[in-house]
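The values are calculated or read from the model by the stated rules, or taken from the named source; none is laboratory data. These numbers were taken from a predicted model, which means no experiment stands behind them. With ideal geometry, Cβ positions are generated from the backbone for all residues, glycine too; neighbour counts draw on all protein chains shown.
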Amino acid sequence: MKLYIDFSTLTLWRLCPQKFIFNSKLNLQGGNTDALNFGTLMHLGVELLGISKQEAGFSLPSDEAIYNEIEALAVEKQVPDCRTVINPFLKVLHQLTDEASQYPLFNIPSDERRSLKHALTLTAAYAKNYANEDLKYKGFEHKFEIFLGKTAKGHEVYYRGTIDGLTKDSVIERKTTYDLNAFTDLLSPNYQAVGYVWAAREISRDINLSTVIFDGISTKGFGKSAGAANSVSSRWTIYTKPQDLFLRSKVKVTDYQIEAWKAQTLKDADRILEDYASDAVSRNAPAACQAYNTKCAYKAICMSGSKEMEQTIINSFAKQTEVWQGFEIQEDK
Ligand code: SF4
């Protein structure tokens, strides 16, 4: 059997095997689509900004010009036409709007937290905050699928994922999160960093690569929340200070950690395959039901009290439409 797995699916299974089954086997909608789309937009915005900054003649326009552009795109909803825009940064805002127009998020009122206006404003704030950054990107968005090894039961395991960015000696991993403090708690030890360094070494054939730069972007401080009242004197509707909005942190990964991570992942792979084939798996309630300060989307199923009721809720549960192919099982022929 072949198992293709990514960091998110591994994390999900480690958190709660039942949650993994609901999400990856039954395909039940498990997260807030607007929040996911917001994160996708922010990733794209920062990537486009990074590419744009590598081109000659990049400069940030005035605050006034950025503000006017965001109002036109996100409040007045003018249809973006990237060809008519000359300034490279304004072009990035147009490309983001173009992308956002495919998501339901596009129609969220502009003073809401997950709106297009917030995504554009946050991208502009990021660009201003890192106007003089020295990250020398070698590439962006490296999708990978790499053979990790064989499990004790003889199954082949492939590790999948996307590396947000690579520099000469580091992996860049971007995190869009509400709470940057909770994000720092997850930095060390960090399985994602270890797996991504291993993957980046395989991609670049550079065994000395050992650093991950986590690029944290907080989504706090926009919209109708109480603190937003402070923003009336400012055209920048994010009221959180840049130093609390953005955080970069370096994590070093050792060869020993990589070997331990590989061994653990192969061990877990056999257990994941067992769980996938089983009719009943363990439920890590209540510890996992409120992990990362977020209520598990499947709580109504687990709390329903009877197998019959569970099945009724499962049958009526919304299914995922955009499924990231991070997880896949291929049976032997
Ligand atoms: S509600 Fe709790 S037990 Fe049920 S799937 Fe979610 S995390 Fe697991």
Residues of region 278-333 being surrounded by 12 or more Cβ atoms within 10 Å (Cβ to Cβ), more than 24 Å from residue 159 (Cα to Cα) and aliphatic (A, V, I, L, M), which ones? 285, 288, 291, 297, 300, 301, 303, 309, 313, 314
If a residue has to be hydroxyl-bearing (Ser, Thr, Tyr) and surrounded by fewer than 17 Cβ atoms within 10 Å (Cβ to Cβ) to count, how many in region 138-190 make the cut? 4
Just to be sure before I move on: is residue 285 outside the structural domain of residue 187 (by TED's automatic domain parsing) and within 13 Å of the ligand (Cβ to nearest atom) in the structure I sent? yes
Among the residues of region 1-38, which ones are part of a helix (DSSP H, G or I) and away from the ligand (no atom under 16 Å from the Cβ)? 7, 33, 34, 35, 36, 37, 38
Taking the condition away from the ligand (no atom under 15 Å from the Cβ) and closer than 13 Å to residue 15 by Cβ, does residue 268 pass? yes
Filtering region 255-298 down to residues that are under 23 Å from the mean Cα position of the chain (by Cα) and among the basic types (Lys, Arg) yields 262, 295
Which residues, taken from region 14-66, are within 25 Å of residue 113 (Cα to Cα) and either aromatic (Phe, Trp, Tyr) or loosely packed, with under 14 Cβ neighbours inside 10 Å (or both)? 31, 32, 38, 62, 63, 64, 65
Any chance residue 242 is over 25 Å from residue 198 (Cβ atoms) and in contact (Cβ under 8 Å) with a residue 40 or more places away in the chain: yes
Kindly evaluate residue 222 against the criterion of being part of a loop (DSSP other than H, G, I, E, B), buried (at least 19 other Cβ atoms within 10 Å of the Cβ), touching a Phe, Trp or Tyr at 6+ places or on another chain (Cβ under 9 Å) and not hydroxyl-bearing (Ser, Thr, Tyr). yes
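Would you mind listing the strands (runs of 3 or more DSSP E) fully within region 97-205 where at least 1 residues are touching an Asp or Glu at 6+ places or on another chain (Cβ under 7 Å) and among the hydroxyl-bearing types (Ser, Thr, Tyr)? Show your work before the answer.
Numbers: elements: 137-150, 156-167, 170-177.
Counting at least 1 such residues, we get 156-167.
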